[in-house]
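Please read the structure below before turning to the comments.
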Amino acid sequence: MNEMADKYASQDVGSIFLYTHEAHPGEIMPPLRSMEQKFDHALKLRDDYGVTRPILLDALDGACHRRYGSMPNMTWIFNRSGIPVYKSDWSDAASAESAIQYYLDVAQRRRNKERLSPFRVERLDYRNQDQDQFYAGLERNGPRAVTEFRDAF
């Protein structure tokens, strides 16, 4: 996602990372109890994963996260008017980039005075599922996170 944000920044496409909470807390990254702790967790996430986009912190109670769907790894794209034009319940760079390219094309078509009418689309996208990377992320939070996830399934 960082590379995509860099790629489209020159076309006035902004990108942020909204830090909500750890989906699977553990001993190393425990459940959040304060905004200071949330700030520290976000800094660790930035450093561990090399996040270069601006990171915003959700409220401690997760108000923004709940407002926008509560899924653990969502992507939203908003137009300049603040209207959501893309919502994915899982972040996938290829899917998001496809949407960005589409909406940049729509913007160009509008500048060319084409008359366009919006309509809704629903589609099923596919992403690579890397179990090793997923469990490495769980291990980052602590052994309890791994155990609780494995026991749940």
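When segment 130-153 is examined, which residues are found to be farther than 21 Å from Leu45 by Cβ and exposed (fewer than 10 other Cβ atoms within 10 Å of the Cβ)? Before the answer, list the steps.
The initial filter retains those residues of segment 130-153 that are farther than 21 Å from Leu45 by Cβ, namely 147, 150-153.
The answer is Asp151, Ala152, Phe153.
Taking segment 1-45, which residues are of a type in the set (Gly, Ala, Ser), touching a Phe, Trp or Tyr at 6+ places or on another chain (Cβ under 8 Å) and either touching a residue at least 24 places away in the same chain (Cβ under 8 Å) or not in a helix (DSSP H, G or I) (or both)? Talk me through it step by step, then tell me what you get.
So the first thing to find is which residues in segment 1-45 are of a type in the set (Gly, Ala, Ser), and the list is 5, 9-10, 14-15, 23, 26, 34, 42.
Next cut, touching a Phe, Trp or Tyr at 6+ places or on another chain (Cβ under 8 Å) only: 15, 42.
The one that is of a type in the set (Gly, Ala, Ser), touching a Phe, Trp or Tyr at 6+ places or on another chain (Cβ under 8 Å) and either touching a residue at least 24 places away in the same chain (Cβ under 8 Å) or not in a helix (DSSP H, G or I) (or both): Ser15.
So Leu60 ticks every box in (1) farther than 21 Å from Lys87 by Cβ; (2) loosely packed, with under 13 Cβ neighbours inside 10 Å but one. Which box is left unticked?
Failed condition: (2).
Could you tell me which of the residues Glu97, Glu27 is touching a helix residue (DSSP H, G or I) at 6+ places or on another chain (Cβ under 9 Å), surrounded by 15 or more Cβ atoms within 10 Å (Cβ to Cβ) and at pLDDT 95 or above? Break it down stepwise before answering.
Details: Glu27 fails: surrounded by 15 or more Cβ atoms within 10 Å (Cβ to Cβ).
Every option except Glu97 fails the conditions.
If Ser10 meets every condition in (1) closer than 24 Å to Pro84 by Cβ; (2) in contact with a helix residue (DSSP H, G or I) (Cβ under 8 Å, 6 or more places away or on another chain); (3) not aliphatic (A, V, I, L, M) apart from one, which number is that one?
Unmet condition: (2).
The values are calculated or read from the model by the stated rules, or taken from the named source; none is laboratory data. All figures in this text were calculated on a predicted structure; none of them were measured in a lab. Heads up, the Cβs are rebuilt from the backbone with ideal geometry, glycines too, and the neighbour counts pull from every protein chain shown.
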